[in-house]
Amino acid sequence: MPAADYDSASLPDLLPLYYRRLFPFSLYYRWLNYGGVQKNYFQNREFSFTLKDDIYVRYQSFSTQNELEKEMQKMNPYKIDIGAVYSHRPNQHNTVKSGTFQALEKELVFDIDMTDYDDVRSCCSQADICSKCWTLMTIAIRVLDRALREDFGFQHLLWVYSGRRGVHCWVCDEGARKLSVAARSAVAEYLSLVKGGEETVKKVILTDPIHPFIRESLSLVEKYFPKYALQEQDILGQKESVDKVLSLVPEDVRKTLQQDFQNERKPETRWKILKDQASRKQNTTKKGKHFEKEIMLQYCYPRLDVNVSKGVNHLLKSPFSVHPKTGRISVPIDIKELETFDPFSVPTISLICEELDRPRTEEEDVKSEEVKENEVDAAENRKIRDYKRTSLAKYVRYFDQFLDAMARSWKGELLKKSDLQKEF
Amino acid sequence: MQFSGRRKKLSPSCQADLYEQALQFYGQPPLENISLSEFESFAVDRMKLLKTVENLGVSFVKLSDTYKNKLEAESKNLKLSPRQDNGLSEHEKRRKDHISHFILRLAYCQTEDLRRWFIQQEIDLFRYRFGELNSKQKLEFLHKNNLQYDTISVEEKQALSKEIVNSSYAVSGVKVEDQDVYKVPFQDALDLVRTRKVYLKAGYAYIPHQDIVTIVLNDFRTRLSKALALTARSLPAVHSDERLQPLLNHLSHAYVGQDYSIQKNVGKISLEQIDSLSGKSFPLCMRQLHQSLRENHHLRHGGRMQYGLFLKGIGLSLEQALQFWRSEFIRGKVDADKFDKAYAYGIRHMFGKEGKRADYTPYSCMKVILSNPPSQGDHHGCPFRHSDPELLKQKLQFYKVSPSGISQVLELVKGMHYQLACQKYFELTHNVEDANFSLNHPNQYFIESQRALGGGKESKREADAPQRSQESSAARGSTAAQEAAAADASQNLAEMTEDLDSFFNDS
Ligand code: SF4
Ligand SMILES: [Zn+2]
């Protein structure tokens, strides 16, 4: 659903403005350069651009921030994707001996897309989203963020709104960037609970003992389930959706529940009846005894595209890229404010370009003076002032904080390195 | 066979301690020269063993009793069992194990696919063998190979005991108390991480001693894949040797299976025939893909690969394939322009006309069943493996399979014999008593179906004929044809033994 104020026909006019005055190049470079800890890390990184009319150019690479900036301002890409760090400069991939050009490192990434939930949401389908089903993304972030931090020990997780119907996660820790393909797929599989395609009805099956990871995830899902699934999606309301839920319970319980539900219409009470049946079942038999948990997970648990996470050379849409269909900017999500994050209030390119044209208020002028005084480059300064005047500001500010936290960790790395050098 | 005279007794004692233990990491290549007859039989026997490992892994739950019994029987049979029995002496069996492993490294180091296959089977074999050791032998093995892992303190163990018990099957609280718990980076225990059978905290996996095999296997895998890469690099001499190269190829080929990427029937099938062929001669997996392609005018990546390569394998030319996919996709949401931009490349790629010219081989059942399972929106995979039994039942009813037939198929599915279930389906739908082949490839299913239906009409019979023998050699079970292929392989082996010992030394 394109935002009301955005018209994709205006994109060719807006993009030059965006890349000239608003795109946060210096932070972007600061991110992908990772403190210069490893040589040529930025230079060997693949970018790919989607230009007008779906023209797709891969294997772009840049030696400096300046070069990247110039090129983006020249090409004005509709969409930017980030790929791996290669053994050689990607733009010279044709000149190196075949077989030696290899993807070496990349952030561990996750892609969660609302279209993968079509069988369990009734409000929208396909590329459409609304504030009701957005809860699914909130749950996904909660569950994965916890697991990646607590189970896998990662710290630098950048969550990004894709601009349309999903979210991405970039795990930027050094350890994550160096993971092998096998390790990436093991992590992704550890995190996947919903299995099976169009030919599978029951997609979550739990067995004893329940792994701590599943317990933790369940306790997060449970917080959202009553309001999201029972009220908003009304999964125990209409007959059709009730049948869908009942197809997930063991056969012997199904009959009982069908009868019980005839005398009880309230979704919450129906759910309570179902849960009672489940706890009774837990004491008796073994098979299918966790069915109420399985239902919650099938309806709410994050659905990852494992293939995106597996490959080191897989490309993923870059933060701060524009979504050509909706015009919205792919902005980082501050998970401290996750519950109030609203995809519909994410600024579109037309909005921020318009904000730029508004005459500035005095207050803004004062504010903009507070901006990092010691930033020397005047042009840079002007650009900072520019985005500060738009609704992009808070997202850029968050990105900056994220990078600060990372900088603290690689400073440690650099120190270690220079200590080593001293020893020689 | 004049080579047998070359046998030099090269200080056999210097490697004697290698054979002290039943199991080894194959860290050192054999240094002795071996006789031709040994060389042949060693290589062929180990191939048979690895093939058995592969087949058992598909038909049975790994490490279940049946799996273990069958593997033990075959190991004994091939005199590759590290256990006591009345055949060869312990030393001789261990020597055979050692040398045969190194011979196969040569044959299987050459391509990514071969390496993957070889590593997988060797690992499964190792896992089984390690499991057969008693705990004293296990400790000795760790000690001998210098494998030391960090253990956690008693206090930490107590604090985490509940989580550890809930994370790993078959450990109870009491048992955790009695055994060491190792703490390793999660990257060193990927098999446990992937299946969520270990407790993870802050990037570390907590592994009770009984699961230590995972870390050991991980070590083994790392060493083996490094070693294979090295062997591959030190083999340019083999590549230039006209006698060795075809032989090594043969060794590896006969057992990985028929290569269906070699197009034999190009252009013999017209696009109009596909609908009717899909009902008559496609295995269920392809029929399902065909049907959903016709219904949705689209298939996601996994489906395009599985189905596209299959179609290539039955003889569609590149032009036909492009036409086939384009005409279907443009009936959906994709217009011709978008198709040419976004999808045509991928199809040309499958035919090796674009990109790295990677050779895309049609997927075997094993690949369909084990890798890249379908997720939301996908129709690929193997229906016997990836469909709910209830849906599978409905589908079979819809295809007019008799109720008794359906229950036979479902019974096989329940026992996880997916390929056998598929074969049963073949028998039921082709009205044959005993299919007389061992199914391991969707394209094989197609060829057999055409043959059973008096194939001459729709695909040229003579084109299939030469495939027959090779196909069966790749088949499961020990059939006469397999013996023949093995004999064939060993004959070639006879011509190459000469220079091989020198290669071992480099690896
Ligand atoms: S067993 Fe093989 S041929 Fe049969 S449906 Fe499964 S993958 Fe296809
Ligand atoms: Zn919605």
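The values are calculated or read from the model by the stated rules, or taken from the named source; none is laboratory data. Computed from a predicted structure; not experimentally measured. Cβ placement follows ideal geometry from the backbone for every residue including glycine, while neighbour counts extend to all protein chains displayed. What goes into the accessible areas is simple: the full protein's heavy atoms, side chains included, and nothing from ligands, DNA or RNA. Shrake-Rupley method; radii C 1.70, N 1.55, O 1.52, S 1.80 Å.
A simple spin-label model places pseudo-atoms 7 Å from Cα toward Cβ; at residue A:394 and residue A:339 they are separated by 1.6 nm. Amide H contacts under 5 Å for residue A:105: A:85, restricted to partners 5 or more places along the chain or on a different chain, H placed in the peptide plane at 1.01 Å from N.
Could you compute the FRET efficiency for residue A:208 and residue A:414, with r as their C-beta to C-beta distance and R0 at 45 Å, rounded to 0.05? E(calc), rounded to 0.05, equals 0.40. Relative to the longest principal axis of the Cα atoms of chain A, helix A:267-284 runs at roughly 70 degrees. What fraction of the Cα pairs in the range B:335-455, stated in percent, has a spacing above 19 angstrom? Everything past 19 Å amounts to 59 percent. Taking each of A:132/A:266; A:281/B:201; B:68/B:96; A:70/B:338 in turn, the alpha-carbon distance tops 23 angstrom for A:281/B:201; A:70/B:338.
Here the 3J(HN,Hα) profile of the range B:220-232, calculated from phi with Karplus coefficients 6.51, -1.76 and 1.60 at θ = phi - 60°, is 4, 4, 4, 5, 5, 6, 4, 4, 5, 4, 5, 4, 4 Hz, Gly and Pro shown as x. Under the convention that each Lys and Arg Cβ holds +1 and each Asp and Glu Cβ holds -1, the size of the dipole of the range A:187-287 around its Cα centre is about 300 debye. Residues of the range B:185-209 that bury at least 20 Å² of accessible area once all protein chains are present, compared with their chain alone (1.4 Å probe, heavy atoms only, ligands and nucleic acids left out), are B:186, B:187, B:190, B:193, B:194, B:196, B:200, B:202, B:203. Computed over the Cα atoms of the range B:145-210, the ratio of the radius of gyration to the Kirkwood radius (Rg/Rh) comes to 0.93. Close amide-amide hydrogen proximity is noted between residue B:201 and B:206, each under 5 Å apart and 5 or more residues distant or on a separate chain (H modeled in the peptide plane; Pro and chain starts excluded). Relative contact order, whole percent, for chain A stands at 23, derived from Cα pairs under 8 Å and 6 or more residues apart.
For the range A:60-148, the spherically averaged projection of the C-alpha convex hull amounts to 9.3 nm².
The listed residues A:5, A:400 rank as A:5, A:400 when sorted by accessible area, largest first, using a 1.4 Å probe. Counting only heavy atoms of the protein chains and using a 1.4 Å probe, residue A:271 has close to 20 Å² of accessible surface. Annotation for residue A:325 and residue A:404: the two label points, set 7 Å from Cα along the Cα-Cβ direction, are 3.7 nm apart. Solvent exposure of the range B:145-210 amounts to 49 Å² per residue of accessible area, where only protein heavy atoms count and the probe is 1.4 Å. Taken across both chains, chains A and B shield about 2800 Å² of accessible surface from a 1.4 Å probe. As a calculated quantity, the FRET efficiency between residue B:175 and residue B:151 at R0 = 22 Å, using C-beta atoms, amounts to about 0.90. Using a 1.4 Å probe on the protein chains only, how many percent of the accessible area of the range B:378-446 belongs to carbon and sulfur? Percent of accessible area from carbon and sulfur atoms in the range B:378-446: 52. Summarise the accessible area of chain A (1.4 Å probe, protein heavy atoms) by the percent that is carbon and sulfur. Summing carbon and sulfur atoms, their accessible area is 49 percent of the total for chain A.
For the range B:145-210, the carbon plus sulfur part of the accessible surface works out to 46%, probe radius 1.4 Å. Once backbone amide H atoms are built at 1.01 Å from N, residue B:441 has B:365 as its partners under 5 Å, excluding neighbours fewer than 5 places away on the same chain. Can you compute the FRET efficiency between residue B:301 and residue B:330 using 1/(1 + (r/R0)^6), with r the Cβ-Cβ distance and R0 = 22 Å? Round to the nearest 0.05. With R0 = 22 Å, the Cβ-Cβ based efficiency is 0.75. Using heavy atoms of the protein chains and a probe of 1.4 Å, the accessible area assigned to residue B:111 is about 60 Å². Pairs exceeding a 29 Å alpha-carbon distance, out of B:162/B:367; A:202/B:157; A:178/A:411; B:268/B:333; B:70/B:414: B:162/B:367; A:202/B:157; B:268/B:333.
In the range A:302-318, burial by the other protein chains removes 20 Å² or more of accessible area from A:307, compared with the chain on its own (1.4 Å probe, ligands and nucleic acids ignored).
For the range A:234-305, the solvent-accessible area works out to 54 Å² per residue, with a probe of 1.4 Å and every protein chain left in place. Compared with the alpha-carbon gap, the fully stretched path from residue B:159 to residue B:340 is longer by 59.2 nm at 0.36 nm per residue.
If the limit is 23 Å between Cα atoms, which of A:97/A:417; A:227/A:272; A:74/A:317; B:76/B:226 go over it? The answer is A:97/A:417; B:76/B:226.
The angle separating the long axis of helix A:378-388 from the principal Cα axis of greatest extent in chain A is about 30 degrees.
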